[in-house]
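**Q** The structure is given below, and queries will be raised subsequently.
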Amino acid sequence: MNHLALIKHVLGMAVLPLYLLAVPMAASAQDGDPVAGEKVFRKCASCHRVGEGAKNATGPVLNGVVGRPTASFEGYKYSNSLMSAGEGGLVWSAETIFEWLANPRDFIRAQTGDPAARTRMSFKLDDAQQRRDVIAYLSTLSPQEAAATDSNIMSHGDTPFDEAMVSGEVDPLADMERVRQELVLPPNVPEHDQVAKGEPKIIEIELVVEEKSWVLDGDGTSIVALTYNGSIPAPMLIVHQDDVVELTLKNPATNLMEHNIDLHAATGALGGAGITTIAPGEETTMRFRATKTGTFLYHCAPEGSMTPYHVTHGMTGAITVLPRDGIKDENGELLTYDKMYYVGENDFYVPRDENGDFKTYVDAGEDLGDWIEEMKTLVPSHVVFNGRVGALTGENAMMSEVGETVMFVHVTANRDSRPHLIGGHLDYAWETGSFVSPPLRDLETMLVRGGSAGAAMYTFLQPGVYAYLNHNLIEAVELGAAGHVVVTGEWNDELMQQVYIGPMK
Ligand code: HEC
Ligand SMILES: [Cu+2]
């Protein structure tokens, strides 16, 4: 705690009892039930910790917050707006917390007089009784010893791995060639060699988190999406086995939430999530060696309910780790493709109002309480390819031609999917994504398990518009999990002919 904050803290503690005597508390903020409040606190618990040894998480520790000067908990990185409210002398009391919880954004704008002020707490609690109850509960928590130094059990230098990586004493990678991978928008994938050239390299990759408004369907249903590099799914990353991925993740100060990255291709530290959690205004760089070949999911994994929350707001992508000598068939013969397309399947759980209409929210995280309730039903409002209904149909269709071999990579973070190409087949399929396992041959449909990315290769034999969809046809047709592949070329009568269609003969 800095000097100023310390003085304010002491003053706050000393002044509060007088204040309590002098000004009778408005009944509205006071009549709370601490027992009921403990239950309400579960809504706060995805971001705030309390009790002995509590550590800062997405939000600051709340032990003793009633009576504490605003933005004064040691070791927590507050937003500038909250800091200036604290410097202006704001102290958390039953009243101020009562107003704050009703609408943190409006509260902080009124307090600071800045109409553009933003706070990182976008969560709101509409129900006034719940606010009274949770305040009553918080009032029972004294400012116990809390472990203030770290932001989160799974972040910021907790692990020896982190120290080893930044120690700089030995640089085992000094001799390796560095290559920067230019990422592209899905369904396209970065330029790459199918058979690696030369020795393993360091592949530099940069992902920037963008929290942005995102339209999900033709009706204009929109959410504040959480994305890596602004796309859903996040860009495909492609490396070769034994390459070292040097990944920089940036969380611009204009964002409101903490983010990180868990890559299923990485080994250790929760796939990277343990050493990459960053608040708005921070960036992080981590390295991992790509030891396993295959196609893998990557996603944001802050902790607790925030993990499925971020994942169902768009923070999913895929990384392909190719064998150095290329992909093989079951006999060990090299298989090559002419192009790769990348389809990300995402499930969304948009909350509805009393009339059954989709609700809209302004800030990232504002829908948190509603969304968590909705996602717990396991009934998605949207299941789509590449972020929205129609992202891969019509003008946005994937393109191919007769004779061309296309490798499709299909990633899904939560739900199982059943990719199927209507009118075609999957000549080779790595359902699990693993390239050391022999491919399945001549499939009609593959099963891509939630939490993974599968791959399948097909050589087109007939022109036309193919539907590429999740063969849960309800999800495909009603919820959006469908795309098109438009194939040009010569029709082959030997494969199919329309012999007659018309009135019954
Ligand atoms: C989605 C995450 C999230 C949820 C849920 C959440 N908060 Fe917060 N809270 C934050 C963040 C982030 C901050 C810091 C805000 C800033 O710096 O602008 C914060 C700040 C606060 C503060 C100010 C603390 C200080 O030291 O100045 C209080 C009080 C607070 N929250 C109470 C609550 C209560 C009570 C609940 C549950 C009813 C709750 N919050 C739910 C993220 C959350
Ligand atoms: Cu995230």
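**Q** Within a Cβ distance under 13 Å of THR432, other residues only, what is the Lys/Arg minus Asp/Glu net charge? Show your work: numbers first, answer last.
**A** Working: positive: LYS292, ARG449; negative: ASP416, GLU431.
Result for the neighbourhood of THR432: 0.
**Q** How much of the DSSP bridge set in the chain is antiparallel, in percent, rounded to the nearest 5? If you can, show how the numbers build up before the last one.
**A** Working: 59 of 84 bridges.
About 70 percent, rounded to the nearest 5.
**Q** Rank by packing, highest mean first: peptides 54-61, 136-143, with packing defined as the count of other Cβ atoms within 10 Å averaged across residues. Each step should come with its number before you reach the end.
**A** Working: 54-61: 22.4, 136-143: 18.0.
Top to bottom by mean Cβ count within 10 Å: 54-61, 136-143.
**Q** Hey, what does the equivalent ellipsoid look like for the chain, semi-axes from the Cα gyration tensor as sqrt of 5 times each eigenvalue, largest first, whole Å?
**A** Numbers: eigenvalues 488, 158, 52 Å².
Output for the chain: semi-axes of 49, 28, 16 Å.
**Q** Considering Cα pairs under 8 angstrom that are at least six residues apart, work out the relative contact order of the stretch 160-322 and quote it in whole percent. Each step should come with its number before you reach the end.
**A** Working: 376 pairs, mean separation 37.2, N = 163.
Relative contact order of the stretch 160-322: 23 percent.
**Q** Okay, moving on. Report the dimensions of the stretch 338-378 along its three principal axes from the alpha-carbon atoms, largest first, rounded to Å.
**A** Here the Cα extents, ordered largest to smallest, are 50, 23, 18 Å.
**Q** Sort 449-455, 235-241 for me by packing, meaning the mean count of neighbouring Cβ atoms within 10 Å per residue, highest on top. Mind dumping the intermediate values first?
**A** Numbers: 449-455: 22.1, 235-241: 24.7.
The peptides rank, most packed first, as 235-241, 449-455.
**Q** Which one of ALA71, PRO438, TYR458 is farthest out on the positive end of the charge dipole of the chain, using unit charges on Cβ (Lys, Arg +1; Asp, Glu -1) and the Cα centre as origin?
**A** ALA71
**Q** With runs of 4+ DSSP H residues as the only contributors, calculate the mean residue ellipticity of the chain at 222 nm using -39,500 (n - 2.57) per run, divided by the residue total and rounded to the nearest 500. Don't skip to the end; give the middle numbers.
**A** On the way: 10 runs with 95 residues, N = 505.
Rounded to the nearest 500, the figure is -5500 deg cm²/dmol.
**Q** If you plug each phi of the stretch 57-66 into the Karplus form 6.51 cos²θ - 1.76 cosθ + 1.60 with θ = phi - 60°, what whole-Hz ³J(HN,Hα) values come out, in order, with x for Gly and Pro?
**A** Coupling constants for the stretch 57-66: 10, 4, x, x, 4, 10, 4, x, 5, 6 Hz.
**Q** Going through the stretch 415-504, which GluC sites (Glu not before Pro) have at most 13 other Cβ atoms within 10 Å and a DSSP loop state? Spell out each step's value before the answer.
**A** Numbers: sites: GLU431, GLU444, GLU475, GLU478, GLU490, GLU494; in loops: GLU431, GLU444, GLU490, GLU494.
Of the GluC sites (Glu not before Pro), the ones in loops of the stretch 415-504 whose Cβ has at most 13 other Cβ atoms within 10 Å are GLU444, GLU490, GLU494.
**Q** How long, wide and thick is the stretch 160-322, going by the Cα atoms along their three principal axes, in whole angstroms, largest first?
**A** 52, 35, 23
**Q** Once amide H atoms are built 1.01 Å from N in the peptide plane, which residues 5 or more positions from ASP416, or in another chain, come under 5 Å H to H?
**A** For ASP416, the qualifying residues are GLY450.
**Q** Further, regarding this structure: In degrees from 0 to 90, rounded to the nearest 10, what is the angle of the helix 128-139 Cα long axis to the longest principal axis of the chain?
**A** Computed tilt is about 70 degrees.
**Q** Right, another one. In whole Hz, with x marking every Gly and Pro, tabulate ³J(HN,Hα) for the stretch 308-322 from phi via Karplus 6.51 cos²θ - 1.76 cosθ + 1.60, θ = phi - 60°.
**A** x, 5, 5, 5, 7, 10, x, 8, 9, x, 9, 10, 9, 10, 7
**Q** Taking Cα pairs under 8 Å and at least six residues apart, what relative contact order does the stretch 253-371 come out at, in percent? Could the numbers behind the result be given before it?
**A** Values: 163 pairs, mean separation 25.0, N = 119.
Once normalised by length, the contact order is 21 percent.
**Q** SER400's amide H: which non-local residues (gap 5+, or another chain) put their own amide H closer than 5 Å, with H modeled 1.01 Å from N in plane and none for Pro or chain starts?
**A** Answer set, sorted by chain and number: VAL486, VAL487, THR488.
**Q** Here is a follow-up. On a straight-distance basis, which lysines could pair with LYS376 in a cross-link, Cα separation under 25 angstrom, same-chain partners fewer than 8 positions away excluded?
**A** By straight Cα distance, LYS376 reaches LYS39, LYS43, LYS124, LYS212, LYS359.
**Q** What order do you get for 327-340, 249-262 when each peptide is scored by the mean count of other beta carbon atoms within 10 Å, highest first?
**A** The most tightly packed comes first, giving 249-262, 327-340.
**Q** Additional query: Which value, in debye to the nearest 20, describes the size of the charge dipole of the chain about its Cα centre when Lys and Arg Cβ atoms bear +1, Asp and Glu Cβ atoms bear -1, and nothing else is charged?
**A** Details: 36 positive and 69 negative charges, 237 e Å.
Roughly 1140 debye, rounded to the nearest 20.
**Q** With a cap of 10 neighbouring Cβ atoms within 10 Å, and only residues DSSP puts in a loop, list the GluC sites (Glu not before Pro) found in the stretch 66-136.
**A** Values: sites: GLU74, GLU87, GLU95, GLU99; in loops: GLU74.
Passing sites in the stretch 66-136 do not exist.
**Q** Report the chymotrypsin sites (Phe, Trp or Tyr not before Pro) located in the stretch 408-505 that are in a DSSP loop and have at most 10 other Cβ atoms inside 10 Å of their Cβ, or state none.
**A** Details: sites: PHE408, TYR428, TRP430, PHE435, TYR458, PHE460, TYR466, TYR468, TRP491, TYR500; in loops: PHE435, PHE460, TRP491, TYR500.
Here the sparse-neighbourhood loop sites are TYR500.
**Q** Short version: ³J(HN,Hα) in whole Hz for each residue of the stretch 290-303, in order, from phi by Karplus 6.51 cos²θ - 1.76 cosθ + 1.60 (θ = phi - 60°), x for Gly and Pro, what are they?
**A** Here the 3J(HN,Hα) series is 7, 8, 9, 8, x, 10, 9, 6, 10, 7, 7, 8, x, 2 Hz.
All of the numbers you see were taken from the coordinates with simple rules; none came from a lab. Note that this is a predicted model, so its numbers are computed, not measured. When we count neighbours, we look across all protein chains shown, and the Cβ atoms used for this are built from the backbone with ideal geometry, even at glycine.
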